[in-house]
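Q: Submitted below is the structure of interest, expressed as structure tokens.
Laboratory data are not the source of any read-out in this text; all were calculated from the coordinates shown. The structure presented is a predicted model; accordingly, all values stated were derived computationally and were not measured. Cβ coordinates were reconstructed from backbone atoms using ideal geometry, including for glycine residues, and neighbour counts include every protein chain displayed.
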Amino acid sequence: MPPKRVVIFAGGELSAQYLSLLDEEDYIIGADKGAFFLVSHGITPDIAVGDFDSVTQEDFRQIEAGSKRTIAVDPVDKDLTDSEMAFDLALDTQPDSILLFGVTGTRFDHTLASIQMMTRAAQRQVLCSVVDSNNYITLTGSQAVVQNLGYTYVSLLPLTPEVTGITLEGFQYPLTRATLKLGQSLGVSNVLTAASGTVTIESGLLLIIQSKD
């Protein structure tokens with residue numbers, strides 16, 4: 001039976017508080033420095049993957065010893081980021097959902113690439129979420145229930161040139177079959193008015209970003 005949820009720890013912004021969100025049944029992948037983060041906190045990754053250019057040789061030995069499987073690639077002769085290699089491995093398991101930690105941080109190029117990767121999960125009807133200290137990001141191409149997780153705002157941003165038929169229920173600023181185009185900020189800083197809200201769209205891909213300062 002394929003794992004229901006794959007959790008990826010990459011080498012960006014990481015916190016020990018994320019470990020409390022893990023379940024025993026999770027399939028865990030550590031990408032580069034994210035693998036060392038897991039091992040150093042007593043978590044055994046099912047796979048550690050990357051070029052491991054962000055860790056020392058001693059760190060890498062600990063990763064190999066503390067992981068069920070290690071896939072090391074050449075840091076020069078590779079086409080994918082460490083995060084995307086981990087993401088491909090996650091998709092190969094045919095999960096119900098993928099949860100990504102450590103894919104945001106100071107490198108905006110890596111952050112944006114990771115957000116765009118979520119479209120590949122959506123194409124396979126796999127729920128994908130990106131989490132950091134201030135944001136919880138998901139993507140929908142149909143309908144999503146947005147749970148109130150304690151964030152201040154909920155922003156909706158199109159990831160395709162146009163998202164049509166946007167209808168919101170349970171939000172301070174409702175929409176009914178609205179259209180958002182790439183570059184518009186109409187969907188920024190909405191607020192949930194209940195324990196959950198519903199976002200429904202007719203076409204396109206819509207980012208749902210729960211955030212706090």
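Q: Please work out how much length the chain gains when fully extended from GLN94 to SER196, using 0.36 nm per residue of separation minus the C-alpha to C-alpha distance, in nm with one decimal.
A: My answer for the length gained is 34.0 nm.
Q: Give me the Kirkwood hydrodynamic radius of segment 96-141 in Å, from all C-alpha pairs, to one decimal place?
A: Taking every pair of different Cα atoms in segment 96-141, averaging 1/r and inverting gives 10.7 Å.
Q: Still on this structure, I have one more. I'd like the FRET efficiency for LEU182 and ASP109, computed as 1/(1 + (r/R0)^6) with the beta carbon distance as r and R0 of 22 Å, rounded to 0.05.
A: Details: r = 19 Å, r/R0 = 0.85.
Taking R0 as 22 Å, the efficiency between LEU182 and ASP109 is 0.70.
Q: Remind me, what semi-axes does segment 1-52 give for its equivalent ellipsoid, largest first in whole Å, using sqrt of 5 times each Cα gyration tensor eigenvalue? Working shown, then result.
A: Working: eigenvalues 58, 36, 16 Å².
Equivalent ellipsoid of segment 1-52: 17, 13, 9 Å, largest first.
Q: Based on the Kirkwood radius over alpha-carbon pairs, what value in µm²/s does the Stokes-Einstein equation return for the translational diffusion coefficient of the chain at 20 °C and 1.002 mPa s?
A: After rounding, the answer is 120 µm²/s.
Q: Relative to the present Cα-Cα distance, how much length would full extension add between SER133 and LYS68 at 0.36 nm per residue of separation?
A: Working: separation 65, 0.36 × 65 = 23.40 nm, distance 2.81 nm.
Extending this stretch completely gives an extra 20.6 nm.
Q: With just the Cα atoms defining each centre, how far is segment 184-212 from segment 2-24? Give it in Å.
A: Measuring centre to centre over Cα atoms gives 24 Å.
Q: Calculate the FRET efficiency for GLU24 and ASP213 from the Cβ-Cβ distance with a Förster distance of 30 Å, rounded to the nearest 0.05.
A: That gives a FRET efficiency of 0.35.
Q: In addition: Hey, for a label at TYR153 modelled as a point 7 Å past Cα toward Cβ, could you say which residues of segment 123-141 have their backbone N under 15 Å away?
A: 134-137
Q: Okay, moving on. How high is the relative contact order of segment 140-211, in percent, with contacts defined as C-alpha pairs under 8 Å that are six or more residues apart?
A: 51 percent
Q: Direction-averaged shadow area of the convex hull around the Cα atoms of segment 140-211, nm²? Can you show the working numbers first?
A: On the way: hull surface 15.2 nm².
Mean orientational projected area (segment 140-211, Cα hull): 3.8 nm².
Q: Using the Cα centre of the chain as the reference point, and only Cβ charges (+1 on K/R, -1 on D/E), how large is the resulting charge dipole? Debye, rounded to the nearest 20.
A: 720 debye
Q: Quick one: give the max-minus-min coordinate of the C-alpha atoms of segment 75-122 along each principal axis, largest first, in Å.
A: 29, 24, 16
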